Every structure is written in C-alpha cells, then in structure tokens.
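Input: a single structure, listed below in structure tokens.
The values are calculated or read from the model by the stated rules, or taken from the named source; none is laboratory data. Since we're looking at a predicted model, the values are computed, not measured. Here the Cβ positions follow ideal geometry from the backbone for every residue, glycine too, while neighbour counts run over all protein chains shown.
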Amino acid sequence: MQNNIISGLFVGQNLVTLKEVDSTNTFLKNILSNSKPVPEGTVIMAESQYAGRGQHQNTWHAQPGKNLTFSLLLKPHFISPTQQFDLTRAVSLGVYDALHPLLGGGLKIKWPNDIYFGSRKLGGMLIENMIQGGQIKNAIIGIGLNINQDNYPESAGSAISVKQILQRDYDLKDILSEICSHLEGWYLKLKAGKTDIVRSTYLSRLYRLNEASEYRSNGETFTGTIKNVVENGLLVVERNGTEEQYNLKEIEFLNK
Ligand code: BTN
C-alpha cells in the first residue's frame with residue numbers, strides 16, 4: 001500500500017497497483033472481509049483482470065495495460081439505502097468531469113451509469129453496496145474505462161476507446177488522478193447535503209435526454225423520450241403521451 005500522485009483529500013491516497021487479479025471488485029471485497037480496516041478512498045487498480053465483472057453478470061474484457069480497471073472503497077454511511085442511487089450519480093459525474101476536458105460535449109452518461117461518447121460506450125461501473133443495520137457500510141465502486149485500446153472485437157458491441165477518438169495514448173495514472181479528485185468533489189457535495197445539484201447535473205448530462213428514440217420493454221419496441229430519473233434511480237420515459245418508470249431490467253436502449 002503506497003503512492004501519492006493523486007491530489008485531493010482521501011480518494012486515491014491509498015493506491016494499490018496489481019499486475020494481475022481476477023477482479024478488482026472481488027479483491028477489494030476479500031480484503032474488506034479478511035484483514036484490518038481498509039481506509040475510505042482506497043483504490044485497487046489492476047493492469048489486467050482475468051475475470052473482470054460487468055453489470056448483468058457479464059464479464060468485462062479489457063486489453064492488459066491499455067485501459068483503466070480499478071475499484072474504489074467508499075463508506076457512505078450518510079446515504080440511506082433508499083437513496084443509494086445518489087452515489088451512482090456522484091460517481092458518474094466524477095468520471096464525466098475527468099474526461100470532459102479531453103472529449104468535450106460528445107460525452108454523456110447513459111443511464112444508469114455508463115459513460116458514452118456519442119452513441120458508443122467508453123466505460124461502465126459496477127457499484128456493489130454492502131448494507132448493514134440499515135446503512136450503506138461499504139460501497140465498492142468498480143470502474144472500467146477504455147483508454148488506449150486500438151480496436152475491439154465485434155462482440156464488444158458499441159465499445160470505443162479514448163485513443164480511437166483522439167488518436168493518441170494517454171497516461172492511465174493521470175486520468176485516474178483526475179477521476180479521483182472529481183469523484184471526491186461530487187461525493188463531498190453529497191455528504192454536505194447538496195443532493196439537488198448532484199441530481200440536476202446528472203440529469204443534464206444524460207444520454208438521450210428529451211430525445212425521441214427507440215426502446216424495448218416486455219418484448220415490445222417503442223419510441224420514447226427520457227424525461228427524468230426519479231430519486232430512487234428509476235428512468236422516466238414518455239411513451240404515447242404518458243410517463244412510465246423503468247428499472248434496469250425492464251428497459252433496453254435500441255440503437256435507432
Ligand atoms: C459494465 O458492465 O458496464 C460495468 C463494468 C465494470 C468493470 C469494472 S473494471 C474494474 C472493476 N472490477 C470488475 O471486475 N469490474 C469493475
């Protein structure tokens with residue numbers, strides 16, 4: 001445990017870099033259950049993951065040494081489990097702010113927590129909250145971002161890297177450092193009770209907000225327009241003049 005290239009108060013101050021691991025989320029979960037207390041803000045970064053995990057039980061593939069794959073420990077005791085989507089918002093905003101100087105207006109947050117450039121996926125998050133005694137005791141924030149990878153197999157769907165957009169390599173630790181400091185800023189806003197600004201900024205950066213697009217739900221394809229994300233994180237889509245709320249499993253974004 002060491003390193004101090006990262007500005008800010010606590011996020012990233014304890015940075016552990018691993019050559020290879022199954023999954024940084026799993027590694028962090030294991031050290032939390034095994035050993036002495038792990039400081040809030042600890043970051044576990046890996047050059048390579050051989051069993052990286054994504055949302056919906058998917059695997060997360062990233063070429064070794066070319067991408068950011070890391071997990072961060074937060075202890076958001078001040079967020080009630082019913083408001084846990086605020087943490088998703090704050091983390092998404094931190095990643096967005098770190099990449100925005102490089103990528104500008106094409107950058108968007110795809111609900112709930114993917115990072116998009118145009119209509120292509122630059123990265124995603126796997127946030128695992130450990131709830132105990134009605135509190136979020138620990139939150140493991142796993143972030144995977146496509147940075148210097150040159151190409152993707154077709155199976156990677158809409159994946160794109162920063163290098164494919166900007167035609168140059170970036171220093172992974174520089175980007176990590178920017179993410180840590182911006183993420184800390186948004187997290188501290190939440191802690192200070194400035195939830196409204198976190199929610200409104202998240203909404204304003206949402207992919208397809210107020211744009212009519214195609215979705216699928218319950219086997220049906222329809223044209224809908226994203227209008228809002230409610231407090232608990234459900235997506236509000238206007239469909240045939242009425243607003244419906246969806247959770248992650250209930251709606252699929254179609255590429256039309
Ligand atoms: C997604 O499916 O979009 C979420 C991907 C999250 C991947 C990251 S990589 C670092 C951390 N460790 C994991 O095993 N998963 C997350």
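Residue by residue through region 76-124, note down the ones that are small (Gly, Ala, Ser) and under 16 Å from the mean Cα position of the chain (by Cα). Reasoning before the result, please.
Step one: filter region 76-124 for residues small (Gly, Ala, Ser), giving 80, 90, 92, 94, 98, 104-106, 118-119, 123-124.
The answer is Ala90, Ser92, Gly94, Ala98, Gly123, Gly124.
Testing Ile79 on (1) outside any strand (DSSP E or B); (2) within 26 Å of Val230 (Cα to Cα); (3) within 16 Å of the ligand (Cβ to nearest atom), one condition comes back false. Which one is that?
(3)
Starting from residues that are outside any strand (DSSP E or B) and basic (Lys, Arg), keep the ones in region 198-256 and report whichever is farthest from the chain's Cα centre (by Cα).
That would be Lys256.
Among the residues of region 20-60, which ones are in a strand (DSSP E or B), surrounded by fewer than 15 Cβ atoms within 10 Å (Cβ to Cβ) and more than 10 Å from the ligand (Cβ to nearest atom)? It would help to see each step written out before you state the result.
Narrowing region 20-60 to residues in a strand (DSSP E or B): 20-21, 43-49, 53, 59.
Narrowing the set further to residues that are surrounded by fewer than 15 Cβ atoms within 10 Å (Cβ to Cβ) leaves 20, 59.
Within region 20-60, just Glu20 meets the criteria.
Restricted to region 151-162, and to residues that are without any contact (Cβ under 8 Å) to a residue 60 or more places away in the chain and either out of contact with any strand residue (DSSP E or B) (no Cβ under 6 Å at 6 or more places or on another chain) or not assigned by TED's automatic domain parsing to the domain that holds Glu47 (or both), which residue is nearest to Leu99 (Cα to Cα)? So that I can check it myself, show each step before the final result.
Step one: list which residues in region 151-162 are without any contact (Cβ under 8 Å) to a residue 60 or more places away in the chain, which gives 151-155, 157, 159-160.
With the extra rule that they be either out of contact with any strand residue (DSSP E or B) (no Cβ under 6 Å at 6 or more places or on another chain) or not assigned by TED's automatic domain parsing to the domain that holds Glu47 (or both), the set shrinks to 151, 153-155, 157.
Working: Asn151: 20, Pro153: 24, Glu154: 25, Ser155: 25, Gly157: 21 Å.
Step by step, filter region 151-162, then rank; the result is Asn151.
Looking at Ser155 and the list (1) modelled with pLDDT of 95 or more; (2) among the hydroxyl-bearing types (Ser, Thr, Tyr); (3) within 27 Å of Lys66 (Cβ to Cβ), which single condition is not satisfied?
Of everything listed in (1) modelled with pLDDT of 95 or more; (2) among the hydroxyl-bearing types (Ser, Thr, Tyr); (3) within 27 Å of Lys66 (Cβ to Cβ), Ser155 misses just condition (1).
Checking the condition crowded, with 21+ Cβ neighbours inside 10 Å, within 19 Å of the chain's Cα centre (by Cα), at pLDDT 95 or above and not assigned by TED's automatic domain parsing to the domain that holds Asn247, which residue from Ile179, Ile136 passes?
Values: Ile136 fails: crowded, with 21+ Cβ neighbours inside 10 Å.
Unique residue meeting the criteria: Ile179.
Hey, could you check region 82-107 for residues that are closer than 21 Å to Asp169 by Cβ and in contact with a helix residue (DSSP H, G or I) (Cβ under 7 Å, 6 or more places away or on another chain) and say which is nearest to the ligand (Cβ to nearest atom)? Talk me through it step by step, then tell me what you get.
So the first thing to find is which residues in region 82-107 are closer than 21 Å to Asp169 by Cβ, and the list is 95, 98-104, 106-107.
Checking the rest, the ones that are also in contact with a helix residue (DSSP H, G or I) (Cβ under 7 Å, 6 or more places away or on another chain) come to 95, 98, 102-103, 107.
Values: Val95: 11, Ala98: 15, Leu102: 20, Leu103: 18, Leu107: 16 Å.
Here the residue is Val95.
Residues Pro81, Pro76: which one is assigned by TED's automatic domain parsing to the domain that holds Leu145 and either farther than 24 Å from Pro39 by Cα or surrounded by fewer than 17 Cβ atoms within 10 Å (Cβ to Cβ) (or both)?
Details: Pro76 fails: either farther than 24 Å from Pro39 by Cα or surrounded by fewer than 17 Cβ atoms within 10 Å (Cβ to Cβ) (or both).
After applying the criteria, what remains is Pro81.
Restricting to region 163-197, name every residue that is assigned to a helix (DSSP H, G or I), more than 15 Å from Val43 (Cα to Cα) and polar (S, T, N, Q).
Residues satisfying the conditions are Gln164, Thr195.
So which residues in region 41-65 are charged (D, E, K, R) and within 18 Å of the chain's Cα centre (by Cα)? Even if it seems obvious, please write down each step before you answer.
Filtering region 41-65 for residues charged (D, E, K, R) gives 47, 53.
Matches in region 41-65: Arg53 only.
Within region 235-252, count every residue that is out of contact with any strand residue (DSSP E or B) (no Cβ under 6 Å at 6 or more places or on another chain), under 17 Å from Leu206 (Cβ atoms) and modelled with pLDDT of 95 or more.
Our first condition is that a residue be out of contact with any strand residue (DSSP E or B) (no Cβ under 6 Å at 6 or more places or on another chain); within region 235-252, this holds for 240-242, 247-249.
Still in the list and also under 17 Å from Leu206 (Cβ atoms): 247-248.
Those still in the list that are modelled with pLDDT of 95 or more too: 247.
Residues flagged as out of contact with any strand residue (DSSP E or B) (no Cβ under 6 Å at 6 or more places or on another chain), under 17 Å from Leu206 (Cβ atoms) and modelled with pLDDT of 95 or more within region 235-252 amount to 1.
Within region 2-19, count every residue that is within 15 Å of the ligand (Cβ to nearest atom) and under 19 Å from the mean Cα position of the chain (by Cα).
So the answer is 2.
Tally up the residues in region 1-36 that are modelled with pLDDT under 90 and under 18 Å from Lys137 (Cβ atoms), please. Walk me through it before giving the result.
Residues of region 1-36 that are modelled with pLDDT under 90, as a first pass: 1-9, 34-36.
Next, from what is left, pick out any that are under 18 Å from Lys137 (Cβ atoms): 34-36.
Result for region 1-36: 3.
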